[in-house]
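Asks: I am attaching a structure below and will ask some questions about it afterwards.
The values are calculated or read from the model by the stated rules, or taken from the named source; none is laboratory data. The model shown is predicted, which means the values in this text are computed figures rather than measured ones. Quick reminder, even Gly has a Cβ in these numbers, built from the backbone with ideal geometry, and neighbours come from all protein chains shown. What goes into the accessible areas is simple: the full protein's heavy atoms, side chains included, and nothing from ligands, DNA or RNA. Shrake-Rupley method; radii C 1.70, N 1.55, O 1.52, S 1.80 Å.
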Amino acid sequence: MTMRVRARSQGEHTLFITESTELATKAPETGAARRGLGLSVAAILAAALIWSSSFAVTKVALAEIPPMTIGAMRFVLAAVILGVVVHTGRDRRRLPSPRQRLFIGFAGLLGITAYFALENVGVDLATASDATLIVASYPIITLVLEILFGRATFSPVRLIGMLVAVAGVWLVVQGQTGGGGEHHLWGDLILIAGGVVWAVYNLVAQRDDSGASPIVVTYYQTLAGAGGFVLLSLTEVDRWSVPAGGNLLRIGFLAALCSVAAFLLYNYGLRRLEPSVAVNLLNIVPAAGLGWAVLLAGETLNLLQVLGGTIVIVGVTLGIYRKSNTTKKTALAAKDG
């Protein structure tokens, strides 16, 4: 799934980096506008709920299907769905050039193949609840890389936010109850590594100059990512078997809902909401993800995990909030000038 909020978004993992975190929307003037605003909020919340379920659904499917094979099945199906939409819709006349498609495809290999390969392996070794909470720290990881590459300014508030988020992730790891097996610590570390890859993907994807619509960019990224997963899945040939009907439905859910429908819902919501509002609404993903982990994957949570998840969200909020002040000052300076 890829769009600009000030960062790209893909699949269920929208990277929540924006230029402002003020809770402001475009003021509605009529009853119809208010209803439209309500529908936009509902669309964002629906997308968040869909994305939050992906870890638990993947965890259940991993009991039968190897991680790279799940990725191949999911994104090949998603690419087919997106391909039909792109090549039969209005966007077919505004497709990127071959050079631009190569760049978009490279971003797809990072954001889909590399990231989701690490995510699937991490979820396989750890737990769905760990994955949900650790992913909440990804915006902070992205902010660190942005600062290192001179793409963002540094501030004490951001530093506090980063440290708080890291402390929260540490509590999540320490609070592991053993549901992820003897290798759960490796799973947590792999999930954190996935956050670094996701951050790099966003830095690369931001440089896309094709001007294509988000659904077209998402299609070509998904197409490249699916190709990468097909190659990786060949390493698991000896573990292939015909999946049970329930797992086929889970793959269909991940492809059609998490990789396609949720992205379209998010796009719809952004038409009437400020990006900052959408980002704040998406903060329900970690909390809802814990619920799905208990409901669908049969996992149990302890106080340390819940506390760690809360601290991660607080840290992420602190890390992003500073940008609101910076944006305000810049706007005021420009106005005065």
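Asks: State all residues of the range 35-70 that are touching a residue at least 24 places away in the same chain (Cβ under 8 Å) and basic (Lys, Arg); if no residue qualifies, say none.
Replies: Once the filter is applied, which keeps residues that are touching a residue at least 24 places away in the same chain (Cβ under 8 Å) and basic (Lys, Arg), the range 35-70 yields only 59.
Asks: Within the range 99-119, can one find any residue that is without any contact (Cβ under 8 Å) to a residue 40 or more places away in the chain, open to solvent by 10 Å² or more (accessible area, probe 1.4 Å) and either at negative phi or not hydroxyl-bearing (Ser, Thr, Tyr) (or both)? Talk me through it step by step, then tell me what you get.
Replies: Of the range 99-119, the ones without any contact (Cβ under 8 Å) to a residue 40 or more places away in the chain are 99, 102.
Within this subset, residues satisfying the condition of being open to solvent by 10 Å² or more (accessible area, probe 1.4 Å) are 99, 102.
Cutting the leftovers down to either at negative phi or not hydroxyl-bearing (Ser, Thr, Tyr) (or both) gives us 99, 102.
Yes, the range 99-119 has at least one match.
Asks: Is it the case that the range 102-112 has a residue that's touching a helix residue (DSSP H, G or I) at 6+ places or on another chain (Cβ under 6 Å) and within 17 Å of residue 249 (Cα to Cα)?
Replies: Going residue by residue through the range 102-112, those that are touching a helix residue (DSSP H, G or I) at 6+ places or on another chain (Cβ under 6 Å) are 104-105, 107-112.
Next cut, within 17 Å of residue 249 (Cα to Cα) only: none.
No, the range 102-112 contains no residue that is touching a helix residue (DSSP H, G or I) at 6+ places or on another chain (Cβ under 6 Å) and within 17 Å of residue 249 (Cα to Cα).
Asks: Say whether the condition of being in contact with an Asp or Glu (Cβ under 7 Å, 6 or more places away or on another chain), closer than 19 Å to residue 263 by Cβ and modelled with pLDDT under 90 is met by at least one residue in the range 53-76. Write out each step before concluding.
Replies: Applying the first criterion (in contact with an Asp or Glu (Cβ under 7 Å, 6 or more places away or on another chain)) to the range 53-76 yields 54, 62, 66-69.
Then keep just the ones that are closer than 19 Å to residue 263 by Cβ; that gives 54.
Adding the requirement that they be modelled with pLDDT under 90 leaves 54.
The answer is yes; a qualifying residue exists.
Asks: Sort out which residues of the range 223-241 are closer than 16 Å to residue 106 by Cβ and crowded, with 17+ Cβ neighbours inside 10 Å, and write them in order of number. Talk me through it step by step, then tell me what you get.
Replies: Of the range 223-241, the ones closer than 16 Å to residue 106 by Cβ are 223-229, 231.
Matches in the range 223-241: 223, 224, 225, 226, 227, 228, 229.
Asks: To continue, here is another question. In the range 75-88, is there at least one residue being farther than 20 Å from residue 212 by Cβ and out of contact with any strand residue (DSSP E or B) (no Cβ under 6 Å at 6 or more places or on another chain)? Give the derivation first.
Replies: First, the residues of the range 75-88 that are farther than 20 Å from residue 212 by Cβ: 76-77.
With the extra rule that they be out of contact with any strand residue (DSSP E or B) (no Cβ under 6 Å at 6 or more places or on another chain), the set shrinks to 76-77.
Checked the range 75-88: at least one residue is farther than 20 Å from residue 212 by Cβ and out of contact with any strand residue (DSSP E or B) (no Cβ under 6 Å at 6 or more places or on another chain).
Asks: Give the range 72-98 a look and list any residue that's among the hydrophobic types (A, V, I, L, M, F, W, C) and surrounded by fewer than 19 Cβ atoms within 10 Å (Cβ to Cβ), or say none.
Replies: Those that are among the hydrophobic types (A, V, I, L, M, F, W, C) and surrounded by fewer than 19 Cβ atoms within 10 Å (Cβ to Cβ): 80, 81, 84, 85, 95.
Asks: Which of the residues that make up the range 51-67 are open to solvent by less than 20 Å² (accessible area, probe 1.4 Å) and not in a loop (DSSP other than H, G, I, E, B)?
Replies: Once the filter is applied, which keeps residues that are open to solvent by less than 20 Å² (accessible area, probe 1.4 Å) and not in a loop (DSSP other than H, G, I, E, B), the range 51-67 yields 51, 52, 54, 55, 56, 57, 58, 61, 67.
Asks: Given the residues 265, 281, which is the only one that is under 20 Å from the mean Cα position of the chain (by Cα), modelled with pLDDT under 75 and crowded, with 20+ Cβ neighbours inside 10 Å?
Replies: On the way: 265 fails: modelled with pLDDT under 75.
Of 265, 281, the one residue that is under 20 Å from the mean Cα position of the chain (by Cα), modelled with pLDDT under 75 and crowded, with 20+ Cβ neighbours inside 10 Å is 281.
Asks: Okay, moving on. Can you go through 237, 242, 197, 216 and tell me which one is in a loop (DSSP other than H, G, I, E, B) and aliphatic (A, V, I, L, M)? Break it down into steps so the answer makes sense when it comes.
Replies: Working: 237 fails: in a loop (DSSP other than H, G, I, E, B); 197 fails: in a loop (DSSP other than H, G, I, E, B); 216 fails: in a loop (DSSP other than H, G, I, E, B).
It is 242.
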